[in-house]
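**Student:** Supplied in structure tokens, the structure appears directly below.
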């Protein structure tokens with residue numbers, strides 16, 4: 001079920017699995033990443049989702065300040081909202097890929113089971129099992 005759609009972010013809900021699927025598109029900077037994350041958090045709270053498939057494969061840009069904030073604050077907010085597993089599909093764009101890695105390095109891994117993937121099929125299989 002489609003919950004949100006813009007040129008930068010599309011979020012769908014899978015009620016059977018209780019997860020959100022977030023697909024990021026185009027150029028992102030710190031402001032757009034924070035705005036998208038705020039939307040994701042609101043949708044997690046609205047749906048009660050416990051898992052998130054976060055697909056950055058079609059995103060590009062540098063957002064290092066937001067990456068630090070994601071790792072140190074936002075992922076904790078998702079945990080407080082009930083998210084327990086996050087599969088993150090990595091970007092092919094090197095700066096975005098580096099930002100994803102930076103976020104994960106700053107994360108308290110006890111908050112959620114997280115793993116990064118290069119392929120959607122692998123991410124879906126992992127998320128289904130967790």
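**Student:** Kindly put 50, 128 in sequence by how many other C-beta atoms sit within 10 Å of each C-beta, fewest to most. Each step should come with its number before you reach the end.
**Tutor:** On the way: 50 17, 128 13.
Fewest to most other Cβ atoms nearby, the residues stand as 128, 50.
**Student:** Moving on. With 10 angstrom as the radius, rank 14, 29, 55 by how many other C-beta atoms surround their C-beta, starting from the fewest. Intermediate values should be presented prior to the final figure.
**Tutor:** On the way: 14 16, 29 13, 55 21.
Sorted ascending by nearby Cβ count, the order is 29, 14, 55.
We did not get these values from a lab; they are worked out from the coordinates using the rules stated. Owing to the predicted nature of the structure, the values given are computational and were not obtained by experimental measurement. Note: ideal-geometry Cβ built from the backbone for every residue, glycine included; neighbour counts use all protein chains shown.
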